[in-house]
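Visitor: Let me begin by handing over the structure; questions about it come next.
What follows is calculated from the coordinates using simple rules that are stated; it is not laboratory data. The structure displayed is predicted, hence computed values, not measured ones. Cβ: placed from backbone, ideal geometry, glycine included. Neighbour counts: every protein chain shown.
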Amino acid sequence: MTLPLLIDTDPGIDDALALLLALRSPECSVEAITTVAGNVPVERCTLNALRVLEAVGPARVPPVGRGADKPLTRTLVSATHVHGDDGLGNLAEIREADGSLRYPKPRVSLSPLDGPDLILDTIDRFPGELVVVAIGPLTNLALALQRDPRRMAQLRRVVIMGGAVGVPGNVTPVAEFNFYVDPEAAAQVLASGLPIELVPLDVTRNAILPRSVLQQRLAACPDPVSRFIADTTQRGFQFGEEIGEGGITLHDPVALGIALVPSLTYFESLHVAVECEGALTRGMSVADRRSIPVGRKAPATCRVARWLRAADFRDLFLSRLCPGSS
Ligand code: BDR
Ligand code: CA
């Protein structure tokens with residue numbers, strides 16, 4: 001059966017790659033996209049989601065709902081040093097030889113519903129079936145829970161890219177970006193009882209895409225989508241090289257890949273909570289991995305991805321983004 005997906009996102013270079021993976025995968029149908037402030041302000045994230053849709057031109061364009069413009073209680077911290085000022089590696093500035101913009105303003109229009117309402121509306125369209133893949137700060141999900149927890153309880157799965165369970169963070173020594181930006185939202189979502197599958201840095205860090213590998217695969221399928229991918233990933237590769245990672249880390253595509261093919265990982269049920277108070281530990285994901293009898297621990301709040309079949313994931317990712325190449 002085709003998986004109905006809603007993608008909650010803050011594009012973001014790796015978010016854009018995750019959207020492309022979903023839009024080009026036959027296992028799922030992208031039923032809605034909601035945007036949230038994160039890597040860049042929400043207006044830019046929204047424009048970027050529309051840009052991806054414009055680049056792919058899917059037969060059925062999903063509704064796009066602009067979501068929260070700031071975290072629940074905090075000032076937005078963004079990541080333009082990673083993703084470029086426009087969030088997509090500054091592709092909005094690229095011009096053709098004749099001076100025209102390579103990526104003019106998209107013609108795809110926005111849903112009248114805001115992000116949280118579009119989440120609730122999409123649940124109504126697919127009660128008990130909808131899978132949410134959340135690859136930005138969790139503000140929209142927390143707001144949708146506040147507006148209607150009963151409807152949210154009808155989600156089939158909630159796959160979240162976020163947290164760092166047994167590895168260092170990527171914003172602070174202990175915090176991953178999505179949880180760091182809106183720790184209160186992450187805490188509320190993790191405590192909600194929703195069927196959460198957490199895909200933390202522990203797993204996504206194993207999915208590094210070297211520049212040469214992508215270039216070779218894109219060269220084998222020259223089309224406008226390949227050009228879009230090449231243009232938007234330039235900045236990502238530069239950042240990966242600056243920090244010595246040897247490529248782009250495919251955080252968000254990994255979460256999407258696991259949503260499509262759960263056997264890419266194995267899950268461990270754990271109690272995970274998010275630190276909202278600490279001065280040094282803001283947004284830290286605190287997982288109870290103590291070896292004590294289950295009954296003496298708080299019950300699990302989610303299933304945590306603990307490992308990645310990295311080669312299989314890379315094959316899936318490249319075969320969908322560069323069809324026909326090998
Ligand atoms: C997460 O942070 C963002 O910059 C990425 O898009 C990803 O969702 C990784 O920590
Ligand atoms: Ca993201």
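Visitor: Using the Karplus curve 6.51 cos²θ - 1.76 cosθ + 1.60 with θ = phi - 60°, what ³J(HN,Hα) values do you get for each residue of segment 82-94, in whole Hz, with x for Gly and Pro?
Guide: With coefficients 6.51, -1.76 and 1.60, one gets 8, 9, x, 4, 8, x, 10, x, 6, 6, 4, 8, 6 Hz.
Visitor: Moving on to the next point. May I ask you to list the residues of segment 256-288 whose amide nitrogen lies under 13 Å from a point 7 Å from Cα along the Cα→beta-carbon direction of Asn206?
Guide: Only 258, 263-268 pass the distance filter.
Visitor: A follow-up question, please. Around Asp182, which amide H atoms from residues at least 5 apart in sequence, or from another chain, sit under 5 Å from its own amide H, with H modelled in the peptide plane?
Guide: Under 5 Å from the amide H of Asp182: Leu138.
Visitor: Given R₀ = 25 Å, FRET efficiency for Asp315-Tyr266 by Cβ-Cβ distance, to 0.05?
Guide: 0.85
Visitor: Follow-up. Compute the relative contact order of the chain as a whole-number percentage, counting only Cα pairs closer than 8 Å that sit 6 or more residues apart in sequence.
Guide: Rounded, it is 19 percent for the chain.
Visitor: What do you get for GluC sites (Glu not before Pro) in segment 208-246 restricted to DSSP loop and a cutoff of at most 16 other Cβ within 10 Å of the site's Cβ?
Guide: Glu245
Visitor: Amide H neighbours of Val274 under 5 Å, counting only residues 5+ apart in sequence or on other chains, H built in-plane at 1.01 Å?
Guide: Val286
Visitor: Residues in segment 1-45, backbone N under 11 Å from the label point at Glu129 (7 Å along the Cα-to-beta-carbon vector): list them, ranges by number please.
Guide: Those under the cut-off are 1-5, 29.
Visitor: Quick one: 3J(HN,Hα) in Hz for segment 30-41, Karplus 6.51/-1.76/1.60 with θ = phi - 60°, rounded, Gly and Pro as x.
Guide: Listing the rounded values in order: 7, 8, 6, 10, 10, 10, 8, 5, x, 3, 9, x Hz.
Visitor: Using +1 on the beta carbon of Lys and Arg, -1 on that of Asp and Glu, and nothing else charged, what's the dipole of the chain about the Cα centre, debye to 20?
Guide: 600 debye
Visitor: Let me ask something else. Where does the chain land at 222 nm, in deg cm²/dmol rounded to the nearest 500, when only DSSP H runs of n ≥ 4 count, each adding -39500 (n - 2.57), divided by all residues? Before the final figure, lay out each step's value.
Guide: On the way: 13 runs with 121 residues, N = 326.
So the calculated ellipticity at 222 nm is -10500 deg cm²/dmol.
Visitor: Right, here's the next one. Dividing the alpha-carbon Rg of segment 72-166 by 2.2 N^0.38 Å yields what?
Guide: Working: Rg = 17.7 Å, N = 95, 2.2 N^0.38 = 12.4 Å.
Cα Rg divided by the expected 2.2 N^0.38 Å: 1.43.
Visitor: How big is the equivalent ellipsoid of segment 224-277 along its three axes, where each semi-axis is √(5λ) from the Cα gyration tensor, reported in whole Å from largest to smallest?
Guide: The three semi-axes for segment 224-277 are 29, 18, 11 Å.
Visitor: Enumerate by residue number the GluC sites (Glu not before Pro) in segment 75-170 meeting two conditions: DSSP loop (anything except H, G, I, E, B), and at most 13 other Cβ atoms within 10 Å of the site's Cβ.
Guide: Passing both the DSSP loop test and the Cβ count: Glu96.
Visitor: Could you compute the net charge surrounding Leu143? Neighbours are other residues with a C-beta less than 14 Å from the C-beta of Leu143; K and R count +1, D and E count -1.
Guide: Working: positive: Arg66, Lys70, Arg147, Arg151; negative: Asp8, Asp69, Asp114, Asp117, Asp121, Asp148, Asp182, Glu184.
So the surrounding residues net to -4.
Visitor: Here's a follow-up. For each of Arg107, Arg102, count neighbouring Cβ atoms within 10 Å of the residue's Cβ, then give the residues from fewest to most.
Guide: Lowest count first: Arg107, Arg102.
Visitor: Could you tell me the relative contact order of segment 1-135? Use alpha-carbon pairs under 8 Å, at least six residues apart, and round to a whole percent.
Guide: So the answer I get is 33 percent.
Visitor: Take the Cα coordinates of segment 3-321, assign each an equal point scatterer, and use the Debye formula without solvent to give log10 I(q)/I(0) at q = 0.12 Å⁻¹.
Guide: -0.74
Visitor: Still on this structure, I have one more. Can you tell me what share of the DSSP beta bridges in segment 3-321 is antiparallel? A percent to the nearest 5 is fine.
Guide: Once the DSSP bridges in segment 3-321 are tallied, antiparallel ones form about 30 percent.
Visitor: For segment 255-295, which GluC sites (Glu not before Pro) are both in a DSSP coil and crowded by at most 12 other Cβ atoms within 10 Å? Walk me through the intermediate numbers first.
Guide: Numbers: sites: Glu268, Glu275, Glu277; in loops: Glu275, Glu277.
Counting only loop positions with at most 12 other Cβ atoms within 10 Å, the GluC sites (Glu not before Pro) in segment 255-295 are Glu277.
Visitor: Applying a 10 Å radius around every beta-carbon, put 206-214, 159-167, 112-120 in order of their mean neighbour count, most first.
Guide: 159-167, 112-120, 206-214
Visitor: Amide H neighbours of Leu3 under 5 Å, at least 5 residues apart or on other chains, H built in the peptide plane: list them.
Guide: Cys28, Ser29
Visitor: Can you find, among Pro293, Gly115, Tyr266, the residue farthest towards the positive end of the dipole of the chain? Put +1 on the C-beta of Lys and Arg, -1 on that of Asp and Glu.
Guide: Pro293
Visitor: Which ³J(HN,Hα) values in Hz, rounded to whole numbers, follow from the phi angles of segment 242-257 under the Karplus curve 6.51 cos²θ - 1.76 cosθ + 1.60, where θ = phi - 60° and Gly and Pro get x?
Guide: 4, 9, x, 8, x, x, 8, 8, 8, 3, 6, x, 5, 4, 5, x
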